[in-house]
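Inspection log for the structure reproduced underneath, given as structure tokens.
Just so it is clear, none of the values below were taken in a lab; they were calculated from the coordinates. Bear in mind that the values here come from a model prediction, so they are computed numbers and not experimental data. We place every Cβ from the backbone using ideal geometry, glycine too, and count neighbours over all the protein chains shown.
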Amino acid sequence: MTPNRMRIIDRWIGIPICAIASIMKKFLKKKSIQKNNIDPDIILFTCIAEIGALFVAYPALLKAKKNFPKSRILFLTGSGGVDALKIMGLHEEDILEIRTDSLNLLIKDCLRLKKKIGSNIFFNIVLEPFTRFSHLLGFWLGADRLVGCHSFNSEGGYLGSLITDPVVYNPHLHASQQFVALVEALNNKFGDIPSSKFKISNQTRFRARFHALPEEKFILKKKILQQCPSLKNKKIILLNANASDIVPLRKWPLASFVEVGKVLLSQRDDVGIILTGAKSERDACDQLVINLESSNVLNLAGDTSFRELLTLYELSVLLISNDSGPVHFASSTNISILALYGPETPSIFGPMTPSAKILYLGLSCSPCVSPMNQKKSECNDNQCMKKISTEWVSKEALKLIPK
């Protein structure tokens with residue numbers, strides 16, 4: 001299903017189902033686990049839509065392990081999130097996948113997950129604010145406590161009374177801090193409104209870290225040089241020239257990537273460029289290779305495993321990307337990042353690394369997408385991205401390339 005179709009279903013079907021589920025919850029009268037000193041059998045994190053958010057959630061994962069050492073930590077994600085969670089240290093048996101490709105697969109997986117959770121006492125922490133499907137899934141699975149962001153008197157999606165531990169969605173916190181606040185809600189006095197009245201510090205120092213094995217680096221270097229021998233002894237710059245369809249407004253013009261690439265290749269003869277992306281972006285990246293008009297350019301879009309992609313970050317000196325998953329993946333390594341933001345504010349979903357430089361114009365209309373509106377905007381001309389000049393990007397990129 002496309003992101004837009006999922007949003008439509010979540011809104012027009014999700015709202016009445018949330019209302020019905022809230023009524024059912026009252027009649028079922030399931031006994032709540034109201035004591036704060038109880039370690040549940042299972043703590044289930046839910047983050048289905050965006051893989052980049054999984055890395056941002058790593059500090060929350062650490063906090064849950066610290067606060068509930070006796071509980072088994074599980075993570076529910078969508079297609080594509082499994083490899084990311086393995087990198088973060090989760091075992092395969094602790095990763096639950098739900099497929100949203102079709103309604104048939106979705107129903108099958110919901111039934112399978114119900115059987116997997118069984119009659120265990122479990123707390124569900126939903127990392128997707130105001131996403132009705134994720135909260136309804138927690139209700140369906142029988143969560144004894146369901147923690148999520150609540151709109152209270154602000155804007156935000158209707159969730160009925162599904163959440164037992166409602167946390168304020170704070171647009172002034174980085175997402176990593178918001179996620180930790182959700183975990184801390186389980187330590188708050190039960191029934192206190194809102195939950196999670198704690199000061200949450202900057203979480204950058206607790207970010208996920210990736211270190212490739214020496215043999216992994218050797219194998220990937222060999223693969224690169226077999227395809228593009230001219231990259232030997234070059235400092236590698238990565239261009240992630242696209243973004244997912246979840247928020248198309250985040251895209252920076254492909255022609256701008258070409259222009260920046262040409263500037264870097266002309267001003268630094270010791271660099272080479274590798275294009276990264278998904279399989280669906282390979283054709284577009286093939287055209288970029290042609291437009292860059294250099295033998296020191298290689299297209300690896302769709303040609304790496306997730307682990308190889310992270311290893312590639314370790315072999316490279318700079319990643320230039322618009323706001324998308326790779327910005328967060330790369331934050332787990334020491335690569336310098338030049339991140340371009342527009343419709344979303346980097347103060348909430350910026351890269352969690354001291355090695356990042358963020359370019360953000362902060363137009364009067366920006367940010368226009370957030371969890372409050374399901375990351376959907378009526379904007380039909382993303383000037384917040386188009387006005388990020390190639391001169392500005394080239395200038396900052398040259399500063400970040402080591403001499």
Practice item. Mind giving me the nanometre distance, one decimal, between the label points for His172 and Cys365, set 7 Å out from Cα along Cα→Cβ? Key: 2.8
Review point. Mind checking the angle between helix 254-267 and the chain's longest principal axis? C-alpha axes, 0 to 90 degrees, to the nearest 10.
Key: 50
Check your understanding: Across segment 350-361, in residue order, what do the Karplus-derived ³J(HN,Hα) couplings come to in whole Hz, using 6.51 cos²θ - 1.76 cosθ + 1.60 with θ = phi - 60° and x for Gly and Pro?
Key -> x, x, 9, 7, x, 8, 9, 10, 9, 10, 8, 6
Check your understanding: Can you give the Rg and Dmax of segment 214-400 based on its C-alpha atoms, in angstrom?
Key -> 15.9, 49
Study note, to complete from the structure: Cα convex hull volume per residue for segment 256-347, in Å³, equals 109
Check your understanding: Using alpha carbons only, how many degrees (0 to 90, rounded to 10) separate the axis of helix 390-400 from the longest principal axis of the chain?
Key -> 90
Exercise for review: Please list, in chain and number order, the residues 5+ apart from Asn188 or on another chain whose amide H is under 5 Å from its amide H, with Hs placed from the backbone.
Suggested key: Ser196
**Study point:** Most mobile listed residue (Pro371, Pro214, Pro354) in the chain, GNM with C-alpha springs under 10 Å
**Key:** Pro214
Check your understanding: Each label point is 7 Å from the Cα along the Cα-to-Cβ direction; what then is the distance between the points at Ile8 and Lys357, in nm?
Key -> 4.3
Review point. Which ³J(HN,Hα) values, rounded to whole Hz and listed in residue order, are derived for segment 330-341 from phi using the Karplus coefficients 6.51, -1.76 and 1.60 in 6.51 cos²θ - 1.76 cosθ + 1.60 with θ = phi - 60°, glycine and proline given as x?
Key: 5, 5, 7, 10, 9, 5, 6, 10, 10, 10, 9, 10
Review point. Sorted from fewest to most neighbouring beta carbons within 10 Å, what does the list Lys115, Lys399 look like?
Key: Lys115, Lys399
Revision key, fill the gap. Env charge @ Asp10, Cβ radius under 11 Å, K,R +1 / D,E -1, value +4
Revision key, fill the gap. For Ile337, the residues 5 or more places away or on another chain with a placed amide H closer than 5 Å to its own amide H are Leu319, Ala356, Lys357
Check your understanding: What length, rounded to one decimal in nm, is gained on full extension from Phe27 through to Asn334, with 0.36 nm per residue of separation minus their alpha-carbon distance?
Key -> 105.2 nm
Practice item. Give me the aspartates and glutamates in straight-line cross-link reach of Lys66: C-alpha distance below 13 Å, same-chain residues under 8 apart excluded. Key: Asp39, Glu184
Point to revise | Potential lengthening between Leu213 and Ala278 on full extension [0.36 nm per residue; Cα-Cα distance subtracted] | key: 21.0 nm
**Study point:** Contact order normalised by residue count of the chain, Cα under 8 Å, 6+ apart, percent
**Key:** 15
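Using a cut-off of 15 Å between beta-carbons, work out the net charge of the residues near Asn296 (Lys and Arg +1, Asp and Glu -1, Asn296 not included).
Numbers: positive: Lys232, Lys234, Lys235, Lys262, Arg268; negative: Asp269, Asp270, Glu293.
Counting the neighbours of Asn296, the net charge comes to +2.
Assuming R0 = 56 Å, what is the FRET efficiency of Ile15 and Gln267, from their Cβ-Cβ distance, to the nearest 0.05? Walk me through the intermediate numbers first.
Values: r = 54 Å, r/R0 = 0.96.
Efficiency, rounded to the nearest 0.05: 0.55.
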Review point. Pick from Arg282, Arg72, Arg268: which is most flexible by mean-square fluctuation in a GNM of the chain where alpha carbon atoms under 10 Å apart are linked?
Key: Arg268
Practice item. Between beta-carbons, use under 14 Å as the cut-off and find the net charge around Ile274, counting Lys and Arg +1, Asp and Glu -1. Key: +1
Exercise for review: Just report the Cα centroid separation between segment 348-403 and segment 134-171, whole Å.
Suggested key: 30
Review point. Expressed as a rounded percentage, what relative contact order does segment 214-400 have, with Cα pairs under 8 Å and six or more residues apart?
Key: 23
Study note, to complete from the structure: From fewest to most C-beta neighbours within 10 Å, the residues Ile23, Ile335, Ile38 line up as Ile23, Ile38, Ile335
Point to revise | Two-site FRET efficiency, Ser79 against Trp392, from Cβ-Cβ distance with R₀ of 35 Å, rounded to 0.05 | key: 0.45
Review point. Based only on the alpha carbon positions, what is the Kirkwood hydrodynamic radius of segment 97-184, in angstrom?
Key: 13.9
Review point. Sorted from largest down, what three extents in whole angstroms do the Cα atoms of segment 3-206 have along their principal axes?
Key: 40, 37, 35
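At a threshold of 8 angstrom on Cα-Cα distance, excluding pairs fewer than six apart, so keeping six or more, what relative contact order does segment 3-206 reach in percent? Display every interim value, and only then the final one.
On the way: 325 pairs, mean separation 47.0, N = 204.
Relative contact order for segment 3-206 comes out at 23 percent.
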Practice item. Compute the length gained on full extension between Asp41 and Gln227: take 0.36 nm times their separation in residues and subtract their Cα-Cα distance, giving the result in nm to one decimal. Key: 62.0 nm
Exercise for review: Over the alpha-carbon set of the chain, divide Rg by the Kirkwood Rh and report the Rg/Rh ratio to two decimals.
Suggested key: 0.99
Exercise for review: Binning at 10 Å from 0, report for segment 177-241 what percent of all alpha-carbon pair distances ends up in each bin.
Suggested key: 15, 25, 17, 15, 16, 9, 1
